[in-house]
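The values are calculated or read from the model by the stated rules, or taken from the named source; none is laboratory data. Since the model is a prediction, treat every value here as computed from it, not as a measurement. Cβ placement follows ideal geometry from the backbone for every residue including glycine, while neighbour counts extend to all protein chains displayed. The area values use the complete protein model at the heavy-atom level, side chains included, leaving out ligands, DNA and RNA. Shrake-Rupley method; radii C 1.70, N 1.55, O 1.52, S 1.80 Å.
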Amino acid sequence: MPALVWVLPPVVLLGVFFLYPLFLVVRQSVQPDTGGTSLQPYADVFASEAFREALGTTVWLALGATIGCLVLGFALALVIAFVPFPGGKAVAKFIDVFLSFPSFLITLALLFIYGTKGMANGVWTDATGAADGPFQFLTTPWGVLLAEITYFTPFVMRPLLAAFSQIDTAQLEVAASLGAGPGRIVRRVILPEALPALAAGGSLVLVMCLNEFGIVLFTGAKGVTTLPMLVYSEAMLESDYPAACVVAVVNIAISVGLYGLYRVVSRRAGA
Amino acid sequence: MLVHSRKGKWAVWSLFLVLFLPLFALPLLVILAASFSSHWSGAFPSGFTTGHYTAATRGESLQALTTSLVTALAASLLALAAGTWAALAAASLKKGGKRAVDALFLLPVAVPSVVVGLAVLVAFSKPPMILNGTRWIVVLAHAVLVTAFAHQSVSAAIQRLDPAYEQAAASLGARPSYVLWKVKLPLLLPSLNAAAGLCFALSMGELSATMMLYPPDWTPLPVRIYAATDRGSTFTGAALAVVLMAATLLVLLAVSRVRTRASYR
Amino acid sequence: MSSGIRFDRVSVAYGRHTVLDALDLTVEPGEVMALLGPSGSGKTTALRAVAGFVRPASGRVFIGERDVTGLPPHRRGVGMVVQQYALFPHMRVEDNVAFGMKAQKVAKAEIPGRVAEALEMTGMASYAKRFPRELSGGQQQRVAIARALAIRPGVLLLDEPLSALDAQLRSGMLAELARLHRELPDVSILYVTHDQVEALTLADQIAVMDRARLQDCGTPQELYRTPRTEFTASFVGNANLLAVTVRGTGAVSFADAELKADTGDAVSGATATLCVRPHLVGLGDGPNALTGRVAEVQWRGATHRLYVEVGGERVKADVRELRKPPALGDEITLHFAPEDAVLLAGGVTDG
């Protein structure tokens with residue numbers, strides 16, 4: 001009984017400052033400006049072209065970025081763990097540091113590299129004398145995709161490196177002595193061991209991509225609108241709170257559902 | 001281990017560098033280079049200047065830095081206190097209760113930060129608690145956002161803590177409060193430090209919820225970076241970003257120093 | 001200050017799984033009681049019930065005259081030393097030893113003297129300023145004992161205290177523990193171990209446990225010389241357990257052989273188990289002779305262990321090192337004195 005009393009204060013704090021506000025969002029989403037309670041805001045939002053496009057963009061960006069992060073993260077972690085080189089530890093440390101920076105820095109950097117007046121286009125125009133460079137993708141969804149893959153890959157690498165460090169290298173040596181080539185060892189020995197970490201890292205990245213805001217905001221592209229971006233613009237630019245709340249509820253539903261899945265997967269993985 | 005031939009190893013390593021350098025190292029280098037340049041047309045930046053830093057470390061920019069530092073410090077301490085308390089209290093609950101508390105405190109991670117911003121805005125723009133337009137709403141939102149991380153890392157550390165220490169202390173006649181103060185908390189100190197560092201870094205870079213909440217007199221650094229970039233002053237933005245990264249790293253470094261001093265294994 | 005321990009039908013269950021089944025056991029004041037048994041036998045659970053870390057489903061635990069069943073651990077006043085020592089890594093040795101006294105608010109002036117005394121007693125006085133990580137396993141063990149003794153407990157609980165040490169250190173520590181017990185004759189000790197040598201060396205009484213139950217209890221000599229059950233016979237020391245049939249007073253039959261042994265009040269015709277220690281079995285003809293073929297020979301340095309197949313059963317004999325050990329398949333004769341054989345009371349069944 002006293003244990004329950006002790007747990008109350010932080011739970012009450014969380015309730016007042018997080019759960020109650022969240023409840024208000026849900027309540028406002030069914031209270032149109034005209035008053036009363038109805039599901040009309042949902043019907044309106046679901047019917048709007050902007051919402052459907054944002055939903056589609058959000059989902060395919062998140063899926064694409066997750067797949068990209070998994071492939072890239074697996075490859076890079078594989079090299080760090082199993083083809084060790086001097087400085088490998090420093091690279092792992094660098095990844096830790098990378099994780100402590102905010103995401104929008106990546107977009108900022110990409111502006112200098114691939115922006116209209118950036119490095120890559122500069123090299124091109126200097127070399128060919130053309131007026132414009134070929135790299136104009138930054139303000140399209142592809143720019144967001146590149147930034148998300150760059151930023152979130154370390155989130156896949158971290159659990160993978162942890163999982164790889166659990167693999168007994170003697171296993172690999174035995175497999176090699178039995179005549180298995182590197183490709184076969186990766187597929188037959190390493191991949192099965194890494195699968196739980198991959199699944200856990202992948203679903204975490206999926207959730208984070210769904211909720212990513214900074215990268216999209218900094219891209220500044222009018223053509224790329226994701227759900228979090230829509231929440232922001234409905235609330236701050238249009239001052240349409242019920243609509244913002246509806247989008248917010250949809251966004252919460254998707255990401256909390258996926259996060260629940262991630263917890264289940266990572267608990268299985270023992271991560 | 002995996003690739004044995006010298007040639008094969010070099011091939012793998014070059015491939016690694018070709019992927020790694022442009023993707024991860026280049027962005028940070030580019031921001032650093034841009035922060036020292038007056039313009040960038042062509043392959044490389046040109047016009048070395050420290051002018052952006054002069055601008056970035058005075059007036060409103062300096063204020064933005066202190067705003068971010070104060071916000072991050074306050075939010076991390078609040079989050080650490082609430083998260084640690086919840087984790088410690090939950091650890092003594094039965095299995096179902098513990099899981100419920102853990103799930104509750106994890107929820108802020110799963111909810112998009114923008115939505116947390118919106119929710120806080122909706123809830124604290126009207127009586128009984130009007131925080132909208134004050135700096136407290138920013139600190140509050142940051143604290144809510146990072147509490148989950150604090151709770152998660154502390155509760156993982158509690159789980160790793162060998163119950164033998166607690167039991168040895170109890171068998172020596174120490175009351176639970178004495179055990180908490182003299183044994184458990186000191187043993188958890190390295191994890192608390194790490195959690196504090198994590199919370200601080202997250203709060204320093206927080207943009208999503210902040211964008212919805214910041215009052216004019218409490219503009220954190222990320223908002224300032226966005227404002228600079230948005231009106232086309234990307235070089236100033238780069239300098240501000242370097243200041244942000246440096247400040248974050250310095251604090252992380254200080255925290256890890258504390259950690260090595262307090263660690264005992 | 002001296003206080004014993006009494007278990008009064010103590011049962012402990014995790015869910016439906018009973019890990020300690022109605023234990024009745026008394027440790028007299030100043031006595032060393034060893035709880036001996038394989039892992040999972042409930043011996044550690046019994047110790048933890050005294051310390052207060054498991055709560056009995058039924059039954060009472062007494063320390064001295066005090067019923068402590070409902071008391072939290074920190075109000076029981078027992079000293080405890082566990083396998084992994086659990087020294088507080090963030091405290092120096094002296095602070096570890098002082099911890100219990102500070103927690104119990106012993107007068108400040110008194111503490112340094114008692115710390116020094118406890119460290120002196122365990123031979124760790126010169127390590128007071130060290131951190132646990134700077135000590136070897138054996139030294140950590142001594143500090144853990146000093147820490148437990150510093151609170152001057154009436155009861156000391158030792159949970160496999162030597163099992164993390166290597167063999168050589170272990171025999172040294174065993175002698176140390178015996179010395180400590182002589183210096184502290186008032187402290188009752190409950191000593192949990194799976195090692196029969198530790199139990200035989202240290203204990204005044206041994207309680208043999210298996211599958212959550214107390215199997216046997218007695219002095220080391222009683223348990224070794226006259227075990228009551230097959231489990232005790234094989235767990236305390238080594239034993240040949242021969243399936244025999246009682247043939248009247250003082251005689252049993254084993255395979256084709258007639259053997260003399262004390263049959264007590266066993267009925268003629270009953271089947272029973274005869275326990276003979278391998279080192280009491282001799283080579284060659286004599287009383288109670290058994291003839292069979294050598295199935296295996298193991299040289300163990302000072303002794304030879306012979307396995308001899310007699311009437312379908314293997315009989316073990318530990319004999320002094322042989323110049324010319326028998327070859328496999330040789331027919332040889334073994335014998336043992338009738339007074340060295342024990343008919344196990346627990347093993348007697350009718351017809």
Open item on the list: Quick check on my filter: what residues within the range B:235-257 are at the interface with chain A (Cβ under 10 Å from one of its Cβ atoms), open to solvent by less than 30 Å² (accessible area, probe 1.4 Å) and closer than 28 Å to A:K117 by Cβ?
Closed with: B:G237, B:A238, B:L240, B:A241, B:V242, B:L244, B:M245
- [ ] Read through the list (1) in a helix (DSSP H, G or I); (2) among the aliphatic types (A, V, I, L, M); (3) within 12 Å of the chain's Cα centre (by Cα), then give the number of the only condition that C:A233 fails.
- [x] (3)
- [ ] Kindly indicate which of B:A123, B:A100, B:A195, B:A141 is small (G, A, S), over 30 Å from C:D159 (Cα atoms) and more than 11 Å from every other protein chain (Cβ to nearest Cβ).
- [x] B:A195
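Report those helices (runs of 4 or more DSSP H) wholly inside the range A:173-258 carrying at least 1 residues which are open to solvent by 40 Å² or more (accessible area, probe 1.4 Å). Talk me through it step by step, then tell me what you get.
Details: elements: A:182-185, A:191-210, A:214-219, A:227-232.
So the answer is A:182-185, A:191-210.
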Task: Single match in C:L184, C:L165, C:L169 (criterion: among the aliphatic types (A, V, I, L, M), open to solvent by 20 Å² or more (accessible area, probe 1.4 Å) and in contact with a Gly (Cβ under 7 Å, 6 or more places away or on another chain)) - done: C:L169
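From the list B:S46, B:S37, pick out the single residue that is open to solvent by less than 10 Å² (accessible area, probe 1.4 Å), over 30 Å from A:P242 (Cβ atoms), more than 7 Å from chain A (Cβ to nearest Cβ) and over 22 Å from the mean Cα position of the chain (by Cα). Don't jump to the end; show me each part of the working.
Numbers: B:S46 fails: open to solvent by less than 10 Å² (accessible area, probe 1.4 Å).
So the residue among B:S46, B:S37 that is open to solvent by less than 10 Å² (accessible area, probe 1.4 Å), over 30 Å from A:P242 (Cβ atoms), more than 7 Å from chain A (Cβ to nearest Cβ) and over 22 Å from the mean Cα position of the chain (by Cα) is B:S37.
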Task: Lone qualifier among A:V7, A:V45 - being more than 28 Å from A:P196 (Cα to Cα), facing chain B (nearest Cβ under 8 Å) and in contact with a helix residue (DSSP H, G or I) (Cβ under 6 Å, 6 or more places away or on another chain) - done: A:V7
TODO: Restrict the check to the range C:133-156 and report whether at least one residue is more than 23 Å from C:A178 (Cβ to Cβ), within 13 Å of another protein chain (Cβ to nearest Cβ) and either among the acidic types (D, E) or in a loop (DSSP other than H, G, I, E, B) (or both).
DONE: yes
TODO: Scan the range B:190-199 and give yes if some residue there is under 30 Å from A:M236 (Cα atoms) and assigned by TED's automatic domain parsing to the domain that holds B:L69, otherwise no.
DONE: yes
Open item on the list: Of the conditions (1) within 30 Å of C:N96 (Cα to Cα); (2) part of a loop (DSSP other than H, G, I, E, B), B:G133 satisfies every one except a single condition; which number is it?
Closed with: (1)
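Out of all the residues in the range A:195-204, which are in contact with a Leu (Cβ under 9 Å, 6 or more places away or on another chain) and within 13 Å of chain B (Cβ to nearest Cβ)? Full working, then the answer.
Pass one, the range A:195-204, residues in contact with a Leu (Cβ under 9 Å, 6 or more places away or on another chain): A:197-198, A:201-203.
Hit for the range A:195-204 is A:S203, nothing else.
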Open item on the list: When the residues of the range B:13-27 are narrowed to those that are within 19 Å of A:F82 (Cα to Cα) and open to solvent by less than 40 Å² (accessible area, probe 1.4 Å), which ends up farthest from the chain's Cα centre (by Cα)?
Closed with: B:F16
TODO: Being within 11 Å of chain A (Cβ to nearest Cβ) and either surrounded by 21 or more Cβ atoms within 10 Å (Cβ to Cβ) or in contact with a Cys (Cβ under 7 Å, 6 or more places away or on another chain) (or both) is the filter here, so list the residues in the range B:221-233 that pass it.
DONE: B:L221, B:P222, B:I225, B:Y226, B:A228, B:T229
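Just give me the residues in the range C:225-248 being open to solvent by less than 60 Å² (accessible area, probe 1.4 Å) and not hydrophobic (A, V, I, L, M, F, W, C), in sequence order. Break it down stepwise before answering.
Pass one, the range C:225-248, residues open to solvent by less than 60 Å² (accessible area, probe 1.4 Å): C:227, C:229, C:231-233, C:235-237, C:239-242, C:244-246, C:248.
Of everything in the range C:225-248, those that are open to solvent by less than 60 Å² (accessible area, probe 1.4 Å) and not hydrophobic (A, V, I, L, M, F, W, C) turn out to be C:P227, C:T229, C:T232, C:G237, C:N240, C:T245, C:G248.
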Open item on the list: When you check C:P72 against the structure, is it within 14 Å of chain B (Cβ to nearest Cβ), surrounded by fewer than 21 Cβ atoms within 10 Å (Cβ to Cβ) and of a type outside the set (F, W, Y), yes or no?
Closed with: yes
Open item on the list: Can you tell me which condition C:G123 does not meet? The list is (1) in a helix (DSSP H, G or I); (2) over 23 Å from the mean Cα position of the chain (by Cα); (3) farther than 20 Å from C:G30 by Cα, and all the others hold.
Closed with: (1)
- [ ] Could you run through the range B:144-174 and say how many residues are modelled with pLDDT under 90 and facing chain C (nearest Cβ under 9 Å)?
- [x] 0
Open item on the list: Which pairs turn up if I take residues in the range C:88-99 that are more than 10 Å from every other protein chain (Cβ to nearest Cβ) and without any contact (Cβ under 8 Å) to a residue 40 or more places away in the chain and look for partners that are open to solvent by less than 20 Å² (accessible area, probe 1.4 Å) and assigned to a helix (DSSP H, G or I) with beta carbon separation below 7 Å, at least 6 apart in sequence or on another chain?
Closed with: C:E94/C:V115
TODO: Name the residue, out of A:L111, A:L99, A:L146, that is open to solvent by less than 60 Å² (accessible area, probe 1.4 Å) and over 15 Å from the mean Cα position of the chain (by Cα).
DONE: A:L111
TODO: Output the residue which, of all residues in the range C:187-212 that are assigned to a helix (DSSP H, G or I) and among the hydrophobic types (A, V, I, L, M, F, W, C), is least open to solvent (accessible area, probe 1.4 Å).
DONE: C:A199
Task: Answer residue from the range A:101-124, given it is assigned to a loop (DSSP other than H, G, I, E, B), facing another protein chain (nearest Cβ under 7 Å) and at pLDDT 85 or above and is farthest from A:M157 (Cα to Cα) among those - done: A:P102
Task: Among the candidates B:V30, B:V3, residue that is in a helix (DSSP H, G or I) and either surrounded by 12 or more Cβ atoms within 10 Å (Cβ to Cβ) or more than 8 Å from chain A (Cβ to nearest Cβ) (or both) - done: B:V30
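Which residue out of B:S191, B:S177 is open to solvent by 60 Å² or more (accessible area, probe 1.4 Å), without any contact (Cβ under 8 Å) to a residue 60 or more places away in the chain, part of a helix (DSSP H, G or I) and of a type in the set (S, T, Y)?
B:S177
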Task: Segments classed as strands (runs of 3 or more DSSP E), wholly inside the range C:251-351, with at least 3 members that are open to solvent by 20 Å² or more (accessible area, probe 1.4 Å), in contact with a strand residue (DSSP E or B) (Cβ under 8 Å, 6 or more places away or on another chain) and within 22 Å of C:G237 (Cβ to Cβ) - done: C:290-299, C:313-320, C:341-349
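Restricting to the range B:125-139, name every residue that is surrounded by fewer than 24 Cβ atoms within 10 Å (Cβ to Cβ) and either touching a residue at least 60 places away in the same chain (Cβ under 8 Å) or not small (G, A, S) (or both). Give the derivation first.
So in the range B:125-139, the residues surrounded by fewer than 24 Cβ atoms within 10 Å (Cβ to Cβ) come out as B:125-136, B:139.
B:K126, B:P127, B:P128, B:M129, B:I130, B:L131, B:N132, B:G133, B:T134, B:R135, B:W136, B:V139, listed by residue number.
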- [ ] Mind listing whichever residues of the range B:105-120 are part of a helix (DSSP H, G or I) and either in contact (Cβ under 8 Å) with a residue 12 or more places away in the chain or more than 8 Å from chain A (Cβ to nearest Cβ) (or both)?
- [x] B:F105, B:L106, B:L107, B:P108, B:V109, B:S113, B:V114, B:V116, B:G117, B:L118, B:V120
